[in-house]
Amino acid sequence: MTDNQPGEKKPAYHNWLAWLVAILVPVMLILTSVRLLVTPLFVQIEYRTPYFPADPYGFTQQDRLYWSQIAVEYLLNDEGISFLEELQFEDGTQVYNARELKHMLDVKEVLQSALVVWYFSIGSIFLLGMWAYWGKWMDAYQRGISRGGWITVGIIAVTMVIVLIGFSVFFVFFHQVFFESGTWVFRFSDTLIRLFPQRFWRDTFIAIGLLSLAGGLLLGFAFKPKNRQ
C-alpha cells in the first residue's frame, strides 16, 4: 500500500508521523547497538584485542573474564546489589567496595531505563508501520525510516569525531550527564578500573558508533524514497 493517488492531497499528519518515525529510528539503532554489546561475548572479544592493557595489580585474562561476566550478568538480571556485594576474592576481601557497589547500582538503573526506551522505540516503530500499511501512508513511513537512518549517521559521525579527538573529555561529560557527580571516580586499584580500564570504554563507544552507523546507512539507503514523476 502507498500514499494517496497522484494528484490527491495527502493529510498533513502523514508528514508529522514520518518525522516521529525519523526521531524514533536513531533511538532504536543506538540502543540496539548498546544492547548487543552488553554481553559476555563482547567483553571476551575486547580483552583479546591487540595491546589491551594488562592489569598492573595482578588480574589475569581469565580473572577478568570471570569477574566481568558476573558484572554483566548483574546488569541484566533482576537481582539486588547483594548479588555483587557478597562476592569475595580467595583471601576473603570484597570484590567491590561501597563506592563501586553504588556505581554499579546506578549503572543498572540507567541501563534498565535505556532498555525500556529501547523496547518502546521498537514497539512504536512496528505499530506505526502497521498503521502506515493499513492507513495507506506507507510512503511517508518509509521516508521517515530513511530520514531516521541519515539522522543516525549524522549523530554518530559527530560523536565519533569527538570520541576520537578527545575521549577523556567525552567520557567525563557522559558520566556527568547520567550519574551523580563524584560517584563514578575510582582508584586505579579498584576492581571496576582493573576490569574495565578507559581503553575498554573507548573501544565500546567506537563499537556502538560503528554498529549504529552501519544500521543508519542500511536504513537510509534501503528505504530511500523512490523518485516520482
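Only one of (1) open to solvent by 30 Å² or more (accessible area, probe 1.4 Å); (2) touching a helix residue (DSSP H, G or I) at 6+ places or on another chain (Cβ under 7 Å); (3) assigned to a helix (DSSP H, G or I); (4) not aromatic (F, W, Y) fails for L41. Which number is that?
Evaluating L41 over (1) open to solvent by 30 Å² or more (accessible area, probe 1.4 Å); (2) touching a helix residue (DSSP H, G or I) at 6+ places or on another chain (Cβ under 7 Å); (3) assigned to a helix (DSSP H, G or I); (4) not aromatic (F, W, Y) leaves (2) as the failure.
Quick test for you: out of E73, E90, pick the one residue that is open to solvent by 90 Å² or more (accessible area, probe 1.4 Å), free of Cβ contacts under 8 Å to residues at least 60 places away in the same chain and outside any helix (DSSP H, G or I). Lay out the reasoning, then the answer.
Working: E73 fails: outside any helix (DSSP H, G or I).
Just a single option satisfies the conditions, and that option is E90.
In the stretch 112-142, which residue that is surrounded by 20 or more Cβ atoms within 10 Å (Cβ to Cβ) and hydroxyl-bearing (S, T, Y) is nearest to the chain's Cα centre (by Cα)?
So, considering only residues that are surrounded by 20 or more Cβ atoms within 10 Å (Cβ to Cβ) and hydroxyl-bearing (S, T, Y), the one nearest to the chain's Cα centre (by Cα) is S121.
Here is a list: I206, I145, I151, I155. Which entry is within 18 Å of L37 (Cα to Cα), open to solvent by less than 80 Å² (accessible area, probe 1.4 Å) and in a helix (DSSP H, G or I)?
None of the other options fit; the residue is I206.
If a residue must be without any contact (Cβ under 8 Å) to a residue 40 or more places away in the chain, open to solvent by 80 Å² or more (accessible area, probe 1.4 Å) and assigned to a helix (DSSP H, G or I), how many such residues does the stretch 165-185 contain?
5
Take L31 and decide whether it is open to solvent by 80 Å² or more (accessible area, probe 1.4 Å), modelled with pLDDT of 95 or more and within 29 Å of F120 (Cβ to Cβ).
No: the conditions fail for L31.
Name the residues in the stretch 186-200 that are loosely packed, with under 15 Cβ neighbours inside 10 Å and either in a helix (DSSP H, G or I) or not hydroxyl-bearing (S, T, Y) (or both), would you?
Correct list: R187, F188, Q198, R199.
Go through (1) modelled with pLDDT of 95 or more; (2) open to solvent by less than 50 Å² (accessible area, probe 1.4 Å); (3) not in a helix (DSSP H, G or I) for E79 and report which single condition fails.
(2)
The values are calculated or read from the model by the stated rules, or taken from the named source; none is laboratory data. Keep in mind the model is a prediction, meaning the values are calculated, not measured. When we count neighbours, we look across all protein chains shown, and the Cβ atoms used for this are built from the backbone with ideal geometry, even at glycine. Only protein heavy atoms, including side chains, enter the accessible area calculation; ligands, DNA and RNA are left aside. Shrake-Rupley method; radii C 1.70, N 1.55, O 1.52, S 1.80 Å.
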